[in-house]
Amino acid sequence: MVKRAGPIVLAVFLLTGCGAHSIQELKGGEELKSGGHAAHGPARASGGTAVPGRDYNPADVMFLQMLMAHNGQGVRLARLAPDRATREEVRTLAAAIATTQETEAASMSERLIGWRQPATARADEHAAHGGMPGVGEEEIAAVADAAPADFEKKFLNMMIAQQDDAIQLARMEVATGLNAEVKAMAERVDASRSAQIKQMLAMLDQ
């Protein structure tokens with residue numbers, strides 16, 4: 001991969017995720033370890049039927065619920081970088097990711113409240129959509145406990161996997177959701193997270 005010079009263009013759109021692509025696919029065929037983060041299978045959304053009298057369907061609700069939880073994981077991971085990363089560009093991108101995801105979560109919460117829907121779904125409902133994506137406690141701890149020389153590599157690999165999960169959730173929403181504003185949000189998530197993954201892959205090559 002060609003290294004990219006110059007300032008990073010920070011993407012601050014909405015994110016979403018379910019079912020990470022392999023890092024090998026993201027890198028165009030060159031295998032890259034993802035710091036222990038297992039790829040999830042594509043989520044399968046049920047419920048393309050509109051809620052009677054409403055402009056949304058169950059897929060819209062599940063997308064927002066899953067993305068809020070996913071953002072919480074991403075913020076925790078991003079908050080590890082300011083004190084651990086050695087490169088300013090890594091710290092800057094991590095700070096932008098954390099701020100963006102917190103803002104997105106607040107917006108999604110407001111929408112769910114307006115729809116009179118819970119902020120979280122039952123575990124069995126997540127299972128029906130391919131399971132809850134994202135990093136777990138052990139994976140976050142593995143990054144937090146990484147040796148200084150290994151931190152940036154582990155952090156970037158884990159964040160790449162996390163952002164790709166968001167992309168898959170977004171694409172599921174575009175394919176199965178009903179609400180025009182939420183689907184537009186998902187499209188922005190796809191674009192922004194794709195750009196961030198490209199940036200982080202370039203950082204790994206430096």
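What follows draws every value from the coordinates through simple rules; no lab data is involved. Treat the numbers as computed from the prediction; the structure is a model and nothing was measured. Note that we place each Cβ from the backbone using ideal geometry, even for glycine, and neighbour counts take in every protein chain shown.
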- Query: Given +1 on the Cβ of Lys and Arg, -1 on the Cβ of Asp and Glu, and no further charges, what dipole in debye does segment 129-206 carry about its Cα centre, rounded to the nearest 20?
  - Reply: 320 debye
- Relative packing of 191-200, 178-187, which averages over residues the other C-beta atoms within 10 Å, highest first: 191-200, 178-187
- Query: Counting alpha carbon pairs within less than 8 Å and at least 6 residues apart, what relative contact order, in whole percent, applies to segment 59-98?
  - Reply: 40 percent
- Within the under-13-Å Cβ sphere about Asn179, not counting Asn179, Lys/Arg +1 and Asp/Glu -1 give a net charge of -2
- How big is the gap, in Å, between the Cα center of segment 148-196 and the Cα center of segment 57-103? 10 Å
- Message: How are the alpha carbon pair distances in segment 137-176 distributed across 10 Å bins from zero to the largest one, expressed in percent?
- Response: 29, 38, 22, 11, 1
- Query: To the nearest 0.05, what FRET efficiency results for Asp83 and Thr103 with a Förster distance of 22 Å applied to their C-beta separation?
  - Reply: 0.50
- Under Karplus coefficients 6.51, -1.76 and 1.60, residue-wise ³J(HN,Hα) of segment 87-102 in Hz, glycine/proline x: 8, 4, 5, 6, 5, 5, 5, 4, 5, 5, 4, 4, 4, 4, 5, 5
